[in-house]
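Please read the structure below before turning to the comments.
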Amino acid sequence: MTMQTTLHPQLIDGLTSGRIIPYFGPGVLDLVPGGAPVPSAPEALAAILAGKVTVPHKIRNRLTAAAQFIENFKHRKTLTTYMGVAFAPRVTPSSLHAYVASLSSLPLWVDAWYDDAAQNALAGRSDWGQVQGLSQSEHFGTWTGYYDAAGGPATEVDAAGWNTLLYKPIGSSRPAGNFLVSDTDYVEVLTEIDIQTPIPPKVQELRTGRHFLFLGCRFNDQLQRTFARQIMKRSSDHHWAVLPGELTRNELRFLEEQNIQPINMPLQQFVALLTGEKLEVHASFTT
């Protein structure tokens, strides 16, 4: 795959018109000025959790398994407390967060990590709200929680009046410390996700006919692929992902299956081209 140095105008037009939905993964935190004060990868978070409790060596680098061990042997509240501490620092939004938050036509923003950078980027606006995935261990029978721009509880009815919906599918540190992180959390969601029960109806509505742009995501993990696949379901038939370097066999298979066009460019360079004054564009991708 040849390295790209320019952006397709369809990406810029799609983002500014609301036809493309930004989908953030933990890797976007690498763009935070001075470095993010919270873990920016599942492996880093697993190491933090394993530093709190003696986790068996064979699972200490596997986030969901390490979290499950703590939940089993120390209690769910202990796991939630550790997660809250890990993501307690407020994260300064990167230039990418600020750019997305500034889009006047931004119907849906998906952010699949636990930090609050997206919320902080949107803080200057009042026309948005968020919906977060909830753990069945703590909210049995309720799959999602809605919150308004001020962080107060809201409802699905309220969401109908928001110009922008921030969707945090695996929860977030703020405003209520919701975390999907253990094996049990994911088993509960994955049992129902094929029939879309955990996906908020408003998200299902807004994704229809739209494209996705994946930023700071990798698809070498089955959970990440499953969530992306189910969140994209019944959307358009073409998407993009900024994925620099060599891709794994699983990633290549997933991209082909979902018709995701890889953009072989460092995320920092992509953001500079997206937001910079000297934005260079051309008519077709190089693959």
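Coordinate-derived values only; no laboratory data. These numbers were taken from a predicted model, which means no experiment stands behind them. So basically every Cβ, Gly included, is an ideal-geometry build from the backbone, and we count neighbours across all protein chains shown.
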The helix 249-258 Cα axis meets the longest alpha-carbon principal axis of the chain at an angle in degrees, between 0 and 90 and rounded to 10, of 70
Put in order of increasing Cβ neighbours within 10 Å, starting from the fewest, Asp111, Asp13, Asp116, Asp183 give Asp13, Asp183, Asp116, Asp111
Across the chain, qualifying lysine pairs (alpha carbons under 25 Å, at least 8 places apart or different chains) come out at 8
Per 5 angstrom bin, beginning at 0 and ending with the bin that holds the maximum distance, the Cα pairs of the range 238-277 fall in percents of 6, 23, 27, 20, 13, 8, 3, 1
Summed over the other residues with a beta carbon less than 14 angstrom from that of Val32, with K and R at +1 and D and E at -1, the charge totals -3
Nearest 10, in degrees from 0 to 90: the angle of helix 76-86 to the longest Cα principal axis of the chain is 40
One would report the antiparallel percent of DSSP beta bridges in the chain, rounded to the nearest 5, as 30
Residues His57, His211, His8, His75 in order from fewest to most other beta-carbon atoms within 10 Å are His57, His75, His8, His211
Helix 183-193 sits off the longest principal axis of the Cα atoms of the chain, rounded to the nearest 10 on a 0 to 90 degree scale, by 50
